Amino acid sequence: MDKTLYKSNLSKRLETTKLIEQFDACAKKLLSEKIILAWILKSCVEEFKDCSIQWIMTEGIVDDIEVSTNVVDVDEEDITEPELSGSNTEDNSIKEGKIFYDIKFNAKAPNADDYIYLIINLEAQNDERLTYPLLKRAVYYVSRMISSQKNTIFYKSDYKKIRKVYSIWVIMNTDKGNTITKYSMQEQSLIGDVKANVTDYDLMSIYMIRLGTEIDENNESILRLLGTIFKSRDSKTQERILEDEYNIPMVVHRKGEVNDMSSLGEGIYEEGIEKGIEKAIQTLLMKGKSVEEVADLLDVDIDKVKAIEEKMLVNA
(Lines give C-alpha, C1' and ligand atoms only; values in the text may rest on other atoms or scores of the structure.)
Protein backbone atom coordinates (compact mmCIF):
# COMPACT_ATOMS: atom_id res chain seq x y z
CA MET A 1 0.00 0.00 0.00
CA ASP A 2 1.26 3.48 -0.87
CA LYS A 3 2.76 5.08 2.25
CA THR A 4 1.38 8.50 1.38
CA LEU A 5 -2.15 7.09 1.06
CA TYR A 6 -1.73 5.16 4.32
CA LYS A 7 -0.59 8.29 6.16
CA SER A 8 -3.49 10.25 4.67
CA ASN A 9 -6.04 7.63 5.80
CA LEU A 10 -4.47 7.36 9.27
CA SER A 11 -4.48 11.14 9.61
CA LYS A 12 -8.18 11.26 8.73
CA ARG A 13 -9.00 8.54 11.29
CA LEU A 14 -7.03 10.35 13.97
CA GLU A 15 -8.73 13.63 13.12
CA THR A 16 -12.17 11.98 13.31
CA THR A 17 -11.31 10.43 16.68
CA LYS A 18 -10.09 13.79 17.95
CA LEU A 19 -13.28 15.51 16.78
CA ILE A 20 -15.46 12.93 18.52
CA GLU A 21 -13.45 13.18 21.75
CA GLN A 22 -13.73 16.99 21.71
CA PHE A 23 -17.46 16.75 20.95
CA ASP A 24 -17.91 14.30 23.84
CA ALA A 25 -16.03 16.52 26.31
CA CYS A 26 -17.92 19.63 25.21
CA ALA A 27 -21.28 17.84 25.41
CA LYS A 28 -20.59 16.73 28.99
CA LYS A 29 -19.53 20.25 29.96
CA LEU A 30 -22.74 21.76 28.61
CA LEU A 31 -25.03 19.07 30.03
CA SER A 32 -23.47 19.50 33.47
CA GLU A 33 -24.51 23.18 33.61
CA LYS A 34 -27.07 23.42 36.41
CA ILE A 35 -29.62 25.39 34.39
CA ILE A 36 -29.58 22.80 31.59
CA LEU A 37 -29.71 19.94 34.09
CA ALA A 38 -32.69 21.65 35.73
CA TRP A 39 -34.63 21.67 32.44
CA ILE A 40 -33.81 17.99 31.87
CA LEU A 41 -34.91 17.06 35.41
CA LYS A 42 -38.16 18.99 35.12
CA SER A 43 -38.94 17.29 31.79
CA CYS A 44 -37.91 13.71 32.61
CA VAL A 45 -37.96 13.20 36.38
CA GLU A 46 -41.59 13.03 37.50
CA GLU A 47 -40.69 14.11 41.04
CA PHE A 48 -39.65 17.53 39.64
CA LYS A 49 -42.52 18.17 37.22
CA ASP A 50 -44.18 20.73 39.52
CA CYS A 51 -40.94 22.45 40.60
CA SER A 52 -39.61 25.66 39.13
CA ILE A 53 -36.33 25.68 37.22
CA GLN A 54 -34.89 28.03 39.82
CA TRP A 55 -35.83 25.73 42.71
CA ILE A 56 -34.33 22.70 40.99
CA MET A 57 -31.09 24.62 40.39
CA THR A 58 -30.72 25.96 43.91
CA GLU A 59 -32.43 23.29 46.05
CA GLY A 60 -32.99 20.18 43.95
CA ILE A 61 -29.38 19.51 42.93
CA VAL A 62 -27.93 18.91 46.36
CA ASP A 63 -24.23 18.23 45.81
CA ASP A 64 -21.38 18.62 43.35
CA ILE A 65 -22.00 17.39 39.83
CA GLU A 66 -19.46 14.67 39.03
CA VAL A 67 -18.31 14.59 35.39
CA SER A 68 -16.42 11.45 34.31
CA THR A 69 -15.08 10.85 37.82
CA ASN A 70 -17.46 8.23 39.23
CA VAL A 71 -16.70 4.62 38.31
CA VAL A 72 -19.60 2.42 37.21
CA ASP A 73 -17.90 -0.77 38.45
CA VAL A 74 -17.31 0.53 41.96
CA ASP A 75 -16.15 -2.86 43.24
CA GLU A 76 -13.00 -2.41 41.17
CA GLU A 77 -11.99 0.64 43.18
CA ASP A 78 -10.40 -1.58 45.83
CA ILE A 79 -7.79 -2.76 43.34
CA THR A 80 -4.62 -0.68 43.52
CA GLU A 81 -3.25 0.21 40.12
CA PRO A 82 -0.94 2.81 38.56
CA GLU A 83 -2.69 5.52 36.61
CA LEU A 84 -1.54 7.74 33.79
CA SER A 85 -1.03 11.36 34.74
CA GLY A 86 -3.70 13.89 33.83
CA SER A 87 -7.34 14.53 34.61
CA ASN A 88 -9.60 11.71 35.69
CA THR A 89 -11.43 10.98 32.43
CA GLU A 90 -12.55 7.82 30.68
CA ASP A 91 -9.21 7.03 29.04
CA ASN A 92 -6.82 7.81 31.91
CA SER A 93 -6.71 4.34 33.51
CA ILE A 94 -4.67 1.43 32.27
CA LYS A 95 -7.22 -1.03 33.63
CA GLU A 96 -9.09 -2.49 30.68
CA GLY A 97 -12.85 -2.07 30.84
CA LYS A 98 -13.00 0.64 33.50
CA ILE A 99 -16.09 2.74 32.82
CA PHE A 100 -17.13 6.12 34.20
CA TYR A 101 -20.56 7.71 34.39
CA ASP A 102 -20.60 10.82 32.18
CA ILE A 103 -22.49 12.88 34.76
CA LYS A 104 -23.74 11.75 38.16
CA PHE A 105 -25.17 13.63 41.15
CA ASN A 106 -27.65 13.43 44.03
CA ALA A 107 -30.93 15.33 43.98
CA LYS A 108 -33.91 15.91 46.26
CA ALA A 109 -37.51 16.62 45.34
CA PRO A 110 -40.44 17.64 47.58
CA ASN A 111 -43.12 15.13 48.50
CA ALA A 112 -46.10 15.18 50.85
CA ASP A 113 -44.12 14.92 54.09
CA ASP A 114 -40.53 15.91 53.46
CA TYR A 115 -38.17 15.25 50.55
CA ILE A 116 -37.44 12.26 48.36
CA TYR A 117 -33.77 11.72 47.55
CA LEU A 118 -32.71 10.56 44.10
CA ILE A 119 -29.53 9.59 42.26
CA ILE A 120 -29.29 10.94 38.73
CA ASN A 121 -27.03 9.79 35.90
CA LEU A 122 -26.89 11.63 32.57
CA GLU A 123 -25.11 10.19 29.53
CA ALA A 124 -24.17 11.94 26.29
CA GLN A 125 -24.17 9.45 23.42
CA ASN A 126 -23.13 10.50 19.93
CA ASP A 127 -24.65 7.45 18.22
CA GLU A 128 -26.63 4.36 19.25
CA ARG A 129 -25.47 2.16 16.39
CA LEU A 130 -23.10 0.08 18.48
CA THR A 131 -22.02 -3.55 18.71
CA TYR A 132 -24.46 -4.03 21.61
CA PRO A 133 -27.96 -2.71 22.49
CA LEU A 134 -27.51 0.67 24.18
CA LEU A 135 -30.59 0.01 26.31
CA LYS A 136 -28.90 -3.01 27.93
CA ARG A 137 -26.00 -0.77 28.90
CA ALA A 138 -28.46 1.67 30.47
CA VAL A 139 -30.07 -1.21 32.41
CA TYR A 140 -26.63 -2.17 33.68
CA TYR A 141 -25.98 1.42 34.79
CA VAL A 142 -29.19 1.71 36.84
CA SER A 143 -28.55 -1.73 38.33
CA ARG A 144 -25.10 -0.65 39.46
CA MET A 145 -26.50 2.60 40.85
CA ILE A 146 -28.88 0.53 42.99
CA SER A 147 -26.38 -2.11 44.15
CA SER A 148 -23.64 0.43 44.91
CA GLN A 149 -25.88 2.01 47.56
CA LYS A 150 -25.14 -0.88 49.91
CA ASN A 151 -22.69 0.29 52.60
CA THR A 152 -23.02 3.89 51.40
CA ILE A 153 -26.74 4.77 51.55
CA PHE A 154 -27.90 1.74 53.53
CA TYR A 155 -26.23 -0.93 55.65
CA LYS A 156 -26.89 -4.60 56.25
CA SER A 157 -30.59 -5.34 55.53
CA ASP A 158 -31.95 -1.79 55.76
CA TYR A 159 -33.30 -1.93 52.18
CA LYS A 160 -36.03 0.64 52.86
CA LYS A 161 -33.39 3.34 52.47
CA ILE A 162 -32.63 2.48 48.84
CA ARG A 163 -32.92 5.61 46.71
CA LYS A 164 -34.59 5.77 43.32
CA VAL A 165 -32.17 6.13 40.41
CA TYR A 166 -32.53 7.69 36.97
CA SER A 167 -30.32 7.17 33.94
CA ILE A 168 -31.04 9.69 31.18
CA TRP A 169 -29.38 9.22 27.79
CA VAL A 170 -29.12 12.03 25.24
CA ILE A 171 -28.49 10.47 21.82
CA MET A 172 -27.24 13.11 19.37
CA ASN A 173 -27.49 11.29 16.05
CA THR A 174 -30.40 9.04 15.20
CA ASP A 175 -32.65 8.21 12.27
CA LYS A 176 -35.63 7.71 14.63
CA GLY A 177 -36.57 11.40 14.85
CA ASN A 178 -37.13 13.52 17.96
CA THR A 179 -38.33 11.04 20.56
CA ILE A 180 -38.31 10.42 24.31
CA THR A 181 -38.81 6.87 25.60
CA LYS A 182 -39.12 5.85 29.24
CA TYR A 183 -38.37 2.40 30.70
CA SER A 184 -39.32 1.56 34.28
CA MET A 185 -40.56 -1.24 36.55
CA GLN A 186 -44.31 -1.88 36.53
CA GLU A 187 -46.62 -3.96 38.71
CA GLN A 188 -48.66 -6.64 36.94
CA SER A 189 -51.17 -8.83 38.78
CA LEU A 190 -51.34 -12.31 37.25
CA ILE A 191 -53.62 -14.06 39.77
CA GLY A 192 -55.53 -12.10 42.37
CA ASP A 193 -55.13 -8.42 43.04
CA VAL A 194 -52.40 -7.55 45.54
CA LYS A 195 -51.11 -4.00 45.38
CA ALA A 196 -47.67 -2.97 46.66
CA ASN A 197 -46.59 0.56 47.47
CA VAL A 198 -45.31 2.08 44.23
CA THR A 199 -42.30 3.51 46.06
CA ASP A 200 -41.21 -0.04 46.98
CA TYR A 201 -40.62 -1.10 43.36
CA ASP A 202 -40.50 2.10 41.30
CA LEU A 203 -36.79 2.49 41.98
CA MET A 204 -35.19 2.78 38.55
CA SER A 205 -36.10 4.65 35.39
CA ILE A 206 -34.28 4.98 32.08
CA TYR A 207 -34.96 7.76 29.59
CA MET A 208 -33.74 7.68 25.99
CA ILE A 209 -33.84 11.18 24.49
CA ARG A 210 -33.17 10.97 20.74
CA LEU A 211 -32.41 14.13 18.76
CA GLY A 212 -33.49 13.98 15.13
CA THR A 213 -32.03 15.98 12.27
CA GLU A 214 -34.51 18.84 12.73
CA ILE A 215 -34.99 20.99 15.83
CA ASP A 216 -38.29 20.28 17.59
CA GLU A 217 -40.84 23.05 17.04
CA ASN A 218 -42.68 22.66 20.35
CA ASN A 219 -41.80 25.57 22.61
CA GLU A 220 -40.28 24.72 26.00
CA SER A 221 -39.81 21.04 25.13
CA ILE A 222 -36.58 19.42 26.24
CA LEU A 223 -36.15 18.15 22.67
CA ARG A 224 -36.17 21.73 21.40
CA LEU A 225 -33.68 22.85 24.05
CA LEU A 226 -31.22 20.03 23.41
CA GLY A 227 -31.71 20.21 19.65
CA THR A 228 -30.88 23.91 19.74
CA ILE A 229 -27.68 23.21 21.66
CA PHE A 230 -26.47 20.19 19.71
CA LYS A 231 -28.05 20.54 16.26
CA SER A 232 -28.35 24.22 15.39
CA ARG A 233 -25.61 25.66 13.16
CA ASP A 234 -26.81 29.26 13.54
CA SER A 235 -25.40 31.00 16.63
CA LYS A 236 -28.00 33.79 16.50
CA THR A 237 -30.86 31.27 16.44
CA GLN A 238 -29.26 29.39 19.32
CA GLU A 239 -28.92 32.54 21.38
CA ARG A 240 -32.49 33.68 20.69
CA ILE A 241 -34.10 30.33 21.56
CA LEU A 242 -31.99 29.69 24.67
CA GLU A 243 -32.45 33.17 26.10
CA ASP A 244 -36.04 33.92 25.04
CA GLU A 245 -37.67 30.50 25.47
CA TYR A 246 -35.60 28.92 28.24
CA ASN A 247 -34.22 31.93 30.12
CA ILE A 248 -30.68 30.59 29.75
CA PRO A 249 -28.34 33.60 29.76
CA MET A 250 -25.68 33.29 27.07
CA VAL A 251 -22.83 34.45 29.28
CA VAL A 252 -19.37 34.47 27.71
CA HIS A 253 -18.25 30.96 28.80
CA ARG A 254 -21.57 29.32 27.92
CA LYS A 255 -21.78 31.09 24.56
CA GLY A 256 -18.30 29.80 23.73
CA GLU A 257 -19.22 26.24 24.69
CA VAL A 258 -22.39 26.29 22.57
CA ASN A 259 -20.46 27.68 19.60
CA ASP A 260 -17.77 25.01 20.07
CA MET A 261 -20.51 22.38 20.15
CA SER A 262 -21.88 23.60 16.81
CA SER A 263 -18.46 23.68 15.19
CA LEU A 264 -17.53 20.20 16.41
CA GLY A 265 -20.91 18.84 15.36
CA GLU A 266 -20.44 20.30 11.91
CA GLY A 267 -17.01 18.70 11.68
CA ILE A 268 -18.37 15.27 12.61
CA TYR A 269 -21.30 15.78 10.20
CA GLU A 270 -18.91 16.59 7.35
CA GLU A 271 -16.73 13.63 8.26
CA GLY A 272 -19.84 11.45 8.07
CA ILE A 273 -20.60 12.75 4.57
CA GLU A 274 -17.01 11.95 3.56
CA LYS A 275 -17.39 8.37 4.80
CA GLY A 276 -20.69 8.06 2.93
CA ILE A 277 -19.08 9.17 -0.33
CA GLU A 278 -16.23 6.69 0.13
CA LYS A 279 -18.72 3.88 0.74
CA ALA A 280 -20.66 4.84 -2.41
CA ILE A 281 -17.46 4.79 -4.45
CA GLN A 282 -16.57 1.32 -3.14
CA THR A 283 -20.07 0.00 -3.90
CA LEU A 284 -20.06 1.28 -7.48
CA LEU A 285 -16.56 -0.07 -8.17
CA MET A 286 -17.58 -3.50 -6.82
CA LYS A 287 -20.56 -3.43 -9.21
CA GLY A 288 -18.16 -3.11 -12.13
CA LYS A 289 -18.31 0.61 -12.82
CA SER A 290 -15.11 2.12 -14.18
CA VAL A 291 -13.16 4.79 -12.28
CA GLU A 292 -14.29 7.37 -14.83
CA GLU A 293 -17.95 6.36 -14.53
CA VAL A 294 -17.87 6.52 -10.73
CA ALA A 295 -16.22 9.94 -10.73
CA ASP A 296 -18.85 11.20 -13.17
CA LEU A 297 -21.82 9.65 -11.35
CA LEU A 298 -20.83 11.00 -7.92
CA ASP A 299 -19.28 14.23 -9.18
CA VAL A 300 -16.02 13.60 -7.29
CA ASP A 301 -12.39 14.00 -8.27
CA ILE A 302 -11.12 11.07 -10.33
CA ASP A 303 -7.92 10.88 -8.27
CA LYS A 304 -10.06 10.26 -5.17
CA VAL A 305 -11.78 7.33 -6.90
CA LYS A 306 -8.40 5.94 -8.06
CA ALA A 307 -7.03 6.14 -4.51
CA ILE A 308 -10.02 4.22 -3.11
CA GLU A 309 -9.75 1.64 -5.91
CA GLU A 310 -6.06 1.15 -5.08
CA LYS A 311 -6.88 0.69 -1.39
CA MET A 312 -9.54 -1.91 -2.29
CA LEU A 313 -7.05 -3.85 -4.43
CA VAL A 314 -4.45 -3.85 -1.63
CA ASN A 315 -7.02 -5.10 0.90
CA ALA A 316 -8.52 -7.70 -1.44
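The values are calculated or read from the model by the stated rules, or taken from the named source; none is laboratory data. These numbers were taken from a predicted model, which means no experiment stands behind them. Cβ placement follows ideal geometry from the backbone for every residue including glycine, while neighbour counts extend to all protein chains displayed.
Annotations
- For Y141: the one exception among (1) at pLDDT 95 or above; (2) closer than 23 Å to K28 by Cα; (3) more than 14 Å from the chain's Cα centre (by Cα): (3)
- Taking the criterion of being farther than 22 Å from G177 by Cβ and among the charged types (D, E, K, R), the residues of segment 107-135 that qualify are K108, D113, D114.
- For segment 40-78, filtered to residues that are modelled with pLDDT under 85 and assigned to a helix (DSSP H, G or I), the residue that is farthest from Y140 (Cα to Cα) is D78.
- Yes/no for Y183 being touching a Lys or Arg at 6+ places or on another chain (Cβ under 7 Å), in a strand (DSSP E or B), at pLDDT 95 or above and within 27 Å of F230 (Cβ to Cβ): no
- Selection within segment 171-185 - among the β-branched types (V, I, T) and more than 18 Å from Y140 (Cβ to Cβ): T174, T179, I180
- Comparison of I268, I222, I277 shows that the only residue that is at pLDDT 70 or above and among the aliphatic types (A, V, I, L, M) is I222.
- Checking E128 against (1) in contact with a helix residue (DSSP H, G or I) (Cβ under 6 Å, 6 or more places away or on another chain); (2) closer than 17 Å to L203 by Cα, the condition it does not meet: (2)
- Among the residues making up segment 217-250, those that are hydroxyl-bearing (S, T, Y) and assigned to a helix (DSSP H, G or I) are T228, S235, T237, Y246.
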